[in-house]
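*Asks:* Dropping the structure in here first, questions after.
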Amino acid sequence: MRSKRMTWVLTLTATAAVLGVVTLQSCSGAGRGADVSAIARARGLTEADIVAAVKTFQPTGKMDEYLMFGSGGHSGQVVVIGVPSMRLLKVIAVFTPEPWQGFGYGSDEHKALFENARMAGHDITWGDSHHPALSETDGDYDGQFLFINDKANPRIAVIDLRDFETKQIVTNPNMGTNHGGTFVTPNTEYVIEGAQYSVPLWTDYADVDRYEEDYRGLITMWKFDRDRGRIDEAASFSIVLPPYWHDLADAGKGPSFGWAFLNSFNTEMATGGVEDGNPPFEAGASRNDMDYMHIINWQKAAEVAAAGNTRMARGRRVIPLQTAIDEGLLFFVPEPKSPHGVDVTPDGRFLVVSGKLDPHVTVYSFAKIQQAIQNGDFTSTDPYGVPILDFNSVIEGQLEVGLGPLHTQYDNRGNAYTSIFLESQVTKWSLDPLAVVDKIDVHYNVGHLAAVEGDTKSPDGKYLVAMNKWSLDRFNNVGPLLPQNFQLIDISGDEMELIYDMPIGVGEPHYAQIIKADKLQPFEIYPEIGFDPSTMSTASDAVQAGEERIERRGRNVDVYMTAIRSHFNPEYIRVREGDNVTIHITSIEQVRDATHGFGIAKYNINLSIEPGESQTVSFVADAPGVFPFYCTEFCSALHLEMMGYLLVSPR
Ligand code: RUQ
Ligand code: CUA
């Protein structure tokens, strides 16, 4: 812990003065200010601890200035955290069913979503969410949508920030897994998804002895339709890449608008197989000193795709590798060994790459890259014919930042912050001149960093969160599976200050983005009674008060139900064994936070019905018997009475 200029006494006096004002206003008695030092002494707090507490504590009812959207790792979800208090506000269900939100527990709307998310003939009920991307307008977060990838099963999800709910999951049958997603272009024209481990493209099966011939990498540009709030699958396209493994990507902005950058590793095309006496993947894939950063002209690629210069692969449009080369859509530049992040600077002029096995960050100049492309200044081609630019002629410089650099974020004062995995540090460095400014220890093994608005064209420069993989001794022992540790760092001054540790016990987050909270305008309640969040419009089967009824047609039973404190109407659903039951349920509540649940015993059904919301649940009443249903949210004093019976008479 760094020493502060302020003395212990001064700090306490200042704190006491602040508290003194509060004490006077709240008339809760004199002398509380004096207690602060006693409390601090008793708890063993240092002056830095007190400053950190004052910087992060939010009194009740006070809102955070920023919201952080973090991936939930292999929980498949997204975590929403207030900054600087680091309070967990919500876990948004994305790829994994989640009963509190009624996500995937019976509603027809979610059944349709999960149906579209199936892969290889399987229901997929988990995801490995890595990199959230907030929608952007002119290179700045606009607070409208959030995208996130599922690395394990190459899929992309769309979350609408009007209600913080997942609206769409699209699958990518031409990838084995993904990793270079999600990254948006500056106006969210496209959502970028880069594959990770290559798999056969034009044939469904090829053994590894056909690796170089049949396996291929891929980058997909998902077209986003902002009006519909959906990815337009038909208007999306992919570009075929050599069978390297691909890593993170970023979209150019400002002068580099129209271009995308994608890291690669295993350009050795090692095929592993320790069991046959071959070097393992980890050795084979790190033999060379350099891999290739892929420089992709997505704007031109969109024209090539629009002109029909594509082939179909598993029902999707792809630009073949040779077409990409011939049309000048794809170039390579060497990048240091086993790169992880590629991060475009706020002004869009430079790209920062960190090679995990190289202690430097490498800063590439976009202008120099363009110049070299225009001059046809290529040193050679890769085995597939992709032109390679000369490393030394396109870099701006390199800076030694520490062992195992991974990811870089930016502030508003020309500084960059790079996570240093092996040394468990964050290095702050200036872009011009290239120089290390400060280092801080983090605990431990930091992966990504997220600075406030830190990957936009206008970072805010106030806070940085280090997303640490290991927490070791930072929290109470909760058994051999430990939480991760998000550490909040104040970056507003000359020196970085660590001010908060937040345990994350819900999965292994990777990346996060942090947006100014006032850019978000979520609904307080749904805008009308009978609103269907899956279409963001009035439900065709919405039920208004007074319209409650049960309709039978043969074996089909439709229940039109309303919910309001503290009853469902109707309260009895009488059906016969084997009937197809559809419950159309609308919350006719108009009071904020008056959420009702709808759980049916032993049928694995639970919905969350927020004020105004309409949902539909259909099931076969295949088990005869008497099944209570009840409201699963404690909505009122008579919440326990908010129930009814599903009576299934034997046939
Ligand atoms: S990646 S740190 Cu997706 Cu960097 Cu995990
Ligand atoms: Cu409605 Cu409890």
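*Asks:* Could you give the size of the charge dipole of segment 396-439 about its Cα centre, using +1 on the Cβ of each K and R and -1 on the Cβ of each D and E, expressed in debye and rounded to the nearest 20?
*Replies:* Working: 3 positive and 6 negative charges, 24 e Å.
So the magnitude is around 120 debye.
*Asks:* Let's test this: bin the Cα-Cα distances of the chain at 10 Å from zero up to the farthest pair and state each bin's percent.
*Replies:* 3, 14, 23, 23, 18, 12, 6, 1, 0
*Asks:* Further, regarding this structure: Would you please name the trypsin sites (Lys or Arg not before Pro) within segment 367-438 that are DSSP coil residues with at most 13 other C-beta atoms within 10 Å of their C-beta? Intermediate values should be presented prior to the final figure.
*Replies:* On the way: sites: K368, R413, K428; in loops: R413.
Sparse-neighbourhood loop trypsin sites (Lys or Arg not before Pro): R413.
*Asks:* If you look at just the Cα atoms of segment 513-650, how large are its Rg and its Dmax in Å?
*Replies:* Computed over the Cα atoms of segment 513-650, radius of gyration and Dmax are 16.0, 57 Å.
*Asks:* Can you tell me the dipole magnitude for the chain around its Cα centre, using point charges on the Cβ only (Lys, Arg +1; Asp, Glu -1), in Debye to the nearest 20?
*Replies:* On the way: 52 positive and 85 negative charges, 247 e Å.
That gives a dipole near 1180 debye.
*Asks:* Ok, one more. Would you list, by chain and number, the aspartates and glutamates whose Cα falls below 16 Å from the Cα of K457, excluding same-chain residues fewer than 8 positions away?
*Replies:* Qualifying aspartates and glutamates at Cα under 16 Å: E136, D138, D140, D142, D250, D343, D347, D411.
*Asks:* Karplus couplings for segment 35-48 from phi (6.51 cos²θ - 1.76 cosθ + 1.60, θ = phi - 60°), rounded to Hz, Gly and Pro as x?
*Replies:* 5, 4, 5, 5, 4, 4, 4, 4, 8, x, 8, 8, 4, 5
*Asks:* I'd like to check one number: the per residue accessible area of the chain, probe 1.4 Å, reported in Å² as a whole number. It would help to have the intermediate numbers written out before the result.
*Replies:* Details: 26550 Å² over 651 residues.
Per residue, the chain has an accessible area of 41 Å².
*Asks:* Moving to a separate point now. Gap in Å between the Cα centre of segment 513-532 and the Cα centre of segment 324-354?
*Replies:* 36 Å
*Asks:* If you find the alpha carbon centre of segment 141-213 and of segment 73-124, how far apart are they in angstrom?
*Replies:* 16 Å
*Asks:* Next question. Pairs K368/K469; K55/K516; K167/K337; K167/K519; K368/K519; K90/K167: which are spaced more than 27 Å apart, C-alpha to C-alpha? Display every interim value, and only then the final one.
*Replies:* Working: K368/K469 36 Å; K55/K516 17 Å; K167/K337 38 Å; K167/K519 20 Å; K368/K519 36 Å; K90/K167 17 Å.
Long pairs (Cα-Cα over 27 Å): K368/K469; K167/K337; K368/K519.
*Asks:* Can you tell me the convex hull volume per residue for segment 186-278, based on C-alpha atoms, in Å³ to the nearest whole number?
*Replies:* Enclosed volume per residue, from the Cα hull, is 117 Å³.
*Asks:* Pick out, from F619, G644, C631, the residue whose Cα sits farthest towards the positive end of the charge dipole of segment 590-651, with +1 on the Cβ of Lys and Arg and -1 on the Cβ of Asp and Glu.
*Replies:* Toward the positive end, the furthest listed residue is F619.
*Asks:* If you don't mind, another one. Accessible area of D207, 1.4 Å probe, to the nearest 10 Å²?
*Replies:* 80 Å²
*Asks:* Determine the distance separating the Cα centre of segment 613-651 from the Cα centre of segment 423-471; give it in Å without decimals.
*Replies:* Computed from Cα coordinates, the inter-centre distance equals 50 Å.
*Asks:* With every protein chain in place, what's the accessible area of E633 (1.4 Å probe, Å², nearest 10)?
*Replies:* The value for E633 is about 50 Å².
*Asks:* Now for a separate question. Taking a ≥ b ≥ c as the square roots of the Cα gyration tensor eigenvalues, with a/c under 1.5 meaning rounded and otherwise prolate when a/b beats b/c, else oblate, which class fits segment 170-221? Intermediate results must be reported in sequence, preceding the final value.
*Replies:* Numbers: a/c = 3.22, a/b = 2.82, b/c = 1.14.
It comes out prolate by the Cα gyration axes.
*Asks:* Can you classify segment 255-398 as rounded, prolate or oblate using the Cα gyration tensor, where a ≥ b ≥ c are the square roots of its eigenvalues, rounded means a/c under 1.5, and otherwise it's prolate if a/b beats b/c and oblate if not?
*Replies:* In terms of gyration-tensor shape, oblate.
*Asks:* Next question. When the accessible area of the chain is split by element with a 1.4 Å probe, what percent falls to carbon and sulfur?
*Replies:* Numbers: 14010 of 26550 Å².
Ligands and nucleic acids excluded, carbon and sulfur reach 53 percent.
*Asks:* Here is a further query. What size of dipole, in debye to the nearest 20, comes out for segment 455-582 about its Cα centre when the only charges are +1 on Lys and Arg C-beta atoms and -1 on Asp and Glu C-beta atoms?
*Replies:* Values: 13 positive and 21 negative charges, 107 e Å.
The calculation lands at about 520 debye.
*Asks:* A further question follows. If you average the sequence gap of Cα pairs under 8 Å that are 6 or more apart and divide by the length of segment 583-648, what percent do you get for the contact order?
*Replies:* On the way: 119 pairs, mean separation 22.1, N = 66.
Worked out over segment 583-648, it gives 34 percent.
*Asks:* Turning to a different aspect of this structure: List the chymotrypsin sites (Phe, Trp or Tyr not before Pro) within segment 483-515 that DSSP assigns to loop and that have no more than 13 neighbouring Cβ atoms inside 10 Å. List each step's numbers first, then the result.
*Replies:* Working: sites: F486, Y500, Y511; in loops: Y511.
For chymotrypsin sites (Phe, Trp or Tyr not before Pro) across segment 483-515 that sit outside H, G, I, E and B with at most 13 neighbouring Cβ atoms in 10 Å, the list is empty.
*Asks:* Now for a separate question. Quick check on segment 125-180: take the gyration tensor over C-alpha atoms, sort the square-rooted eigenvalues as a ≥ b ≥ c, and tell me if it's rounded (a/c under 1.5), prolate or oblate. Before the final figure, lay out each step's value.
*Replies:* Values: a/c = 2.52, a/b = 1.68, b/c = 1.50.
Since a/c reaches 1.5 and a/b is larger than b/c, the shape of segment 125-180 is classed as prolate.
*Asks:* Also, I was wondering about something else. Starting at the first residue of segment 343-348, write each ³J(HN,Hα) from the Karplus equation 6.51 cos²θ - 1.76 cosθ + 1.60 with θ = phi - 60°, in whole Hz, x for Gly and Pro.
*Replies:* 10, 6, 5, x, 7, x
*Asks:* Right, next: How much accessible area does S537 have with a 1.4 Å probe, in Å² rounded to the nearest 10?
*Replies:* Probe radius 1.4 Å; accessible area of S537 about 50 Å².
*Asks:* Also: Put +1 on the Cβ of each Lys and Arg and -1 on the Cβ of each Asp and Glu in segment 487-631; which of I489, F568, H596 then has its Cα farthest toward the positive end of the dipole?
*Replies:* The one lying farthest along the dipole's positive direction is F568.
*Asks:* Using helices alone, what [θ] at 222 nm do you get for the chain, with -39,500 (n - 2.57) per DSSP H run of 4 or more residues, divided over all residues and rounded to the nearest 500?
*Replies:* Working: 10 runs with 86 residues, N = 651.
Rounded to the nearest 500, it is -3500 deg cm²/dmol.
The values are calculated or read from the model by the stated rules, or taken from the named source; none is laboratory data. The shown structure was predicted, so the numbers you read here are calculated from the model rather than taken from an experiment. Please note: Cβ atoms are built from the backbone with ideal geometry, for glycine as well, and neighbour counts cover all protein chains shown. Remember, those area values only see protein heavy atoms, side chains included, never the ligands or the DNA or RNA. Shrake-Rupley method; radii C 1.70, N 1.55, O 1.52, S 1.80 Å.
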